[in-house]
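The values are calculated or read from the model by the stated rules, or taken from the named source; none is laboratory data. This structure is a prediction, so every number in the text was calculated from the model and none was measured. Glycine also receives a Cβ, built like all others from the backbone with ideal geometry; neighbour counts cover every protein chain displayed.
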Amino acid sequence: MSWFYRTIIRPALFAHESEEIHNRTLAALGKAGSHPALCDALDAFYGAPELPIETFGLTFRNPVGLAAGMDKHAAAAPVWPALGFGFSELGGVTWHAQPGNPAPRMFRAVPDEALINRMGFNNPGAEALAQKLVNWRALGRWPAHPVGINLGKSKVTPLETAAEDYSSSLRLLWPHADFFVVNVSSPNTPNLRQLQDKSALDEILAALQEVNRACAQDASVSTGSSRTTHHASSPKPILVKVAPDLTFEALDEILELVAPRQLAGLVATNTTIARPTSSDAALQRIYAETGGLSGKPLGHRSTEVIRHLHRQTAGKLPIIGVGGIFNAADAWEKITAGASLIQIYTGLVYEGPAITRTIVAGLTQRLREHGLQRLGDAVGIAAAGRL
């Protein structure tokens, strides 16, 4: 199936401009998401085997998730479980609706199996996303796996009021997701990465956790529940997505906020502003474009960051690994470096919809080969020198 996609389907898709075909594909998947029979058909072709793992209080049927940026508007939310994903991260969404940066703003570096984007958090805003999720639930089409939402800062919001901007989005979207990811690491919103500074990030996380606790309390009162579940009285897991371009020292400063701000985990990593060297003139022109690079050239650095974070936290902090994952070998590298879960974006573009099933099957085989019973047993074993 992957061969057919790469040989027949992908060339036809890549004949079109990158953002155009992305939007057309999402629209088609959104229509499929409205019809249970079509989702069942997709699941029959692309559904992944079970490989469960529990982390930050949630159960995932397999560790492969859809990365943020693929479905910013929740346009195709019901389809992602049918394509084998163990979870999905919707967004990034900002409090204010915004068009993002001028087009063209997404570019393919095909020989290196990479993408460059400078989308700039184009999205309809938190209120529109909340309404879309309400609509899916009303139709009985809520995704049958954990759903995360990636929170970004509105471009019009000054850095000094970023905490309020993020908090407004969380307050509105809190009932509609199982976990949230704070995105302070996109390279495509001016000065956003300054919010990775410890003091700025601390202010944002303090405000978010205050909203998180208040929403949980309100949910308990409204349901009359005394249960400690993420769907009733417990605060939702909040994670932070970090840039691959941070030094280890800067990453360690972020780790100092984990305990005081009750971070549930980290997502490592976002896209990079670094570029690989190339003697190919066409590739050089692509790499000269401004924006964040994803895909295979990012793989090694994202693994380095995962390994460092895992070692610094003695494996006690859940990590979602993302960056350059195209097959089971890439996924295994991330997991054994310390990632409990992984996410794909560019790999889906280049490998097609069978990628999730292929990765999960490959991970299952590797567990057998190493005599491991559970996926959790593999997390961090290379970082700890046990592989």
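With respect to the stated conditions, residue 361 is in a helix (DSSP H, G or I) and among the hydrophobic types (A, V, I, L, M, F, W, C). Restricting the range 320-352 to residues that are in a helix (DSSP H, G or I) and touching a Lys or Arg at 6+ places or on another chain (Cβ under 6 Å), the residue that is surrounded by the most Cβ atoms within 10 Å (Cβ to Cβ) is 337.
Return the residues of the range 252-283 that are surrounded by 13 or more Cβ atoms within 10 Å (Cβ to Cβ) and not in a loop (DSSP other than H, G, I, E, B); say none if nothing qualifies. 252, 253, 254, 255, 265, 266, 267, 268, 272, 283 - these are the residues of the range 252-283 that are surrounded by 13 or more Cβ atoms within 10 Å (Cβ to Cβ) and not in a loop (DSSP other than H, G, I, E, B). Of all residues in the range 320-359, those satisfying the criterion of being under 16 Å from residue 304 (Cβ atoms) and of a type outside the set (A, V, I, L, M, F, W, C) are 321, 323, 324, 330, 333, 334, 336, 338.
Here residue 160 fulfils each of the conditions (1) of a type in the set (D, E, K, R); (2) touching a Ser or Thr at 6+ places or on another chain (Cβ under 9 Å); (3) in a helix (DSSP H, G or I) apart from (2). Restricting 367, 317 to those that are of a type outside the set (Gly, Ala, Ser), modelled with pLDDT of 95 or more and either in a loop (DSSP other than H, G, I, E, B) or within 18 Å of residue 297 (Cα to Cα) (or both) reduces the list to 317. Being touching a helix residue (DSSP H, G or I) at 6+ places or on another chain (Cβ under 6 Å), buried (at least 18 other Cβ atoms within 10 Å of the Cβ) and either farther than 20 Å from residue 86 by Cβ or modelled with pLDDT of 95 or more (or both) is a description that applies to residue 133.
For residue 289, the conditions (1) crowded, with 17+ Cβ neighbours inside 10 Å; (2) within 25 Å of residue 105 (Cα to Cα); (3) of a type outside the set (A, V, I, L, M); (4) in contact with a strand residue (DSSP E or B) (Cβ under 9 Å, 6 or more places away or on another chain) all hold with the exception of (1). Restricting 48, 126 to residues that are over 26 Å from residue 182 (Cβ atoms) and either out of contact with any Leu (no Cβ under 7 Å at 6 or more places or on another chain) or not aromatic (Phe, Trp, Tyr) (or both) narrows the list to 48.
The conditions of being basic (Lys, Arg), surrounded by fewer than 18 Cβ atoms within 10 Å (Cβ to Cβ) and at pLDDT below 95 are not met by residue 311.
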